[in-house]
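Remarks on the structure that follows.
Read-outs: derived from the displayed coordinates by stated rules, not from any lab. What you see is a predicted model, and the numbers here were worked out from it, not measured in a lab. FYI the Cβ positions are ideal-geometry reconstructions off the backbone, even for glycines, and counts take in every protein chain you see.
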Amino acid sequence: MNFDDSAEEAAYRAEVRTWIAANAPDLSHLTAEERRNWHPRHKEVARAWQATKADAGYACISWPKERGGAGGTAIEEAIFNQEEARAGVQFTYFMTGLHMLLPALMEHSSDPASLAQVAPAVRGDTIWCQLFSEPSSGSDSAGVRCAAVREEVDGVPGWRINGQKVWNSGAQAADFGMVVARTNPDAPKHKGLTVFWTDMKAPGLEVRPIRMMSGDNELNEVFLTDVFIPDNQRVGEVDGGWKVVISTLMNERAALGSGTGLNWRDVIKLAGETPSFDGMALDDPAFREWLADYYVQSEAIRLTSFRTLTSLSKGHAPGPESSAGKLLWSSTTQDMTSVVLNVLDHFGMVDDPEIAAASGAFQHRFMWSPGLRLGGGTDEIMKNIIAERVLGLPGDIRVDKNVPFRDIPHGR
């Protein structure tokens, strides 16, 4: 595989870099606190930047023009994303919708009401969240107990939804959510699921933020009590929701495995500014040895993402191999923040963004990083997927295979 840009790609990269330099939002006027995800001011800047990109044809570059995209290639989109990250203006508010949920919606739905939701999201007018995980199912994505029962309201056919979801990123600020519910408890657990999208302000839907040890509250639990969802907001076939779930999860793991968040250049800059026993931390041989190892892992993640990119450029959907990038990314990020805080020594205990080193970015990521090994699929699940679906090794014995869901014992 050739990792260098072709002449056309190099020209496009130069064009994109110039455009970003001329149009990117200036974050210098924001306080360190305002630069945190989900701060109202930060979100306002992110939405304005998304609209600016859409107007210029740089939002969802590989999507069809009729869906708000630019009709470009996956390679062009990857180049723009790389340059956007390089400039420090890559925001995460729209990742769940644009990288995970809406690609699955476009793949599995042809309903005009559903497809009409895509273009506003491309401009940043709407934010989406994922309502999949439940308290009783853990890493078992198919162990859904949230129930959907057919019902007609004022002549509108639809579904009455009851259940609870948890660990829902961004639900507190989302306009829409995609929810998976059980529509047939007499079918095996993977075959009785259906996926819907819903207004997050729908009657009976309640969002409760969960305070994380990092100080963030972007995770939530969501309660659905007699929530009515019209049938034209169904994504895919009735009882065929597992296909939609898989599409979404593959998109998620491909997106999560495409970068390290804080790259090795950030670490070098901080180490060069941090005093150590004899000079700066960057002069410590043990630290330099670790830094070389971290650089190798960061490059492995970057190059692994190119494998996914190559597949996408050929028209293939993200596959189970993208789990490798997600597995490596989550563990490397956690290890990196732990080492950096050790280097900072007692300065690492200060997380006030106004006075902490690097505005507290490493402290914040350290407190947040354990969740990376859980969200989007635990390390153990990723290893199972790689073993069974990539390497072809024998799968775990499943005692619930082909057993009606209502007959499977579960905790309460």
Exercise. Hey, which aspartates and glutamates would be in cross-link range of Lys326, C-alpha to C-alpha under 16 Å, not counting anything within fewer than 8 residues on its own chain?
Worked result: Glu252, Glu299, Asp335, Asp379, Glu380
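What area, in nm² and to one decimal, does the C-alpha convex hull of the stretch 124-186 cast on average over all directions?
Values: hull surface 22.6 nm².
Mean shadow area of the hull around the Cα atoms is 5.7 nm².
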For this session: Sort the stretch 128-243 into rounded, prolate or oblate with this rule: let a ≥ b ≥ c be the square roots of the eigenvalues of the Cα gyration tensor; rounded if a/c is under 1.5, and if a/c is not under 1.5, prolate when a/b is larger than b/c, oblate otherwise.
Result: oblate
Exercise. How long are the three semi-axes of the equivalent ellipsoid for the stretch 14-134, computed from the Cα gyration tensor as the root of 5 times each eigenvalue, in whole Å, largest first?
Worked result: 24, 19, 12
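Would you order Val296, Val267 from fewest to most other beta-carbon atoms within 10 Å of each residue's own beta-carbon? Don't jump to the answer; show the numbers that get you there.
Working: Val296 11, Val267 25.
Ascending number of Cβ neighbours within 10 Å: Val296, Val267.
Specify, per residue and in Å³, the volume enclosed by the convex hull of the alpha carbon atoms belonging to the stretch 257-390. Present the calculation step by step, with values, prior to reporting the outcome.
Numbers: hull volume 15.0 nm³, N = 134.
Each residue corresponds to 112 Å³ of Cα convex hull volume.
Over the alpha-carbon set of the chain, divide Rg by the Kirkwood Rh and report the Rg/Rh ratio to two decimals. Write down the numbers at each step before the final one.
Numbers: Rg = 22.2 Å, Rh = 22.8 Å.
When Rh is taken as the Kirkwood radius, the ratio is 0.97.
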Exercise. What angle, in degrees between 0 and 90 and rounded to the nearest 10, separates the Cα long axis of helix 264-273 from the longest principal axis of the Cα atoms of the chain?
Worked result: 40
For this session: Could you calculate the contour length gain from Glu9 to Ser338, that is, 0.36 nm times the residue separation minus the distance between their Cα atoms, to one decimal place in nm?
Result: 114.7 nm
For this session: With a Förster radius of 22 Å, plug the Cβ-Cβ distance of Ile268 and Asp345 into 1/(1 + (r/R0)^6) and report the FRET value to the nearest 0.05.
Result: 0.80
Exercise. So which of Lys314/Lys401; Lys201/Lys401; Lys201/Lys314; Lys65/Lys383; Lys191/Lys314; Lys165/Lys314 end up more than 32 Å apart by C-alpha?
Worked result: Lys314/Lys401; Lys201/Lys401; Lys201/Lys314; Lys65/Lys383; Lys165/Lys314
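Residue separation times 0.36 nm, minus the C-alpha to C-alpha distance between Ala113 and Ser28: what's the value?
On the way: separation 85, 0.36 × 85 = 30.60 nm, distance 4.03 nm.
My answer for the length gained is 26.6 nm.
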Seminar exercise, completed: Residues meeting the amide H criterion for Ala356 (H placed from the backbone, H to H distance under 5 Å, 5 or more places apart or on another chain) are none
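Using a Förster radius of 30 Å, what is the FRET efficiency between Ala202 and Thr310 based on their Cβ-Cβ separation? Nearest 0.05, please.
Numbers: r = 40 Å, r/R0 = 1.35.
For Ala202 and Thr310, the calculated efficiency is 0.15.
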Problem set entry | Helix 74-86 vs. the chain, principal-axis angle (Cα, 0 to 90°, nearest 10) | 50
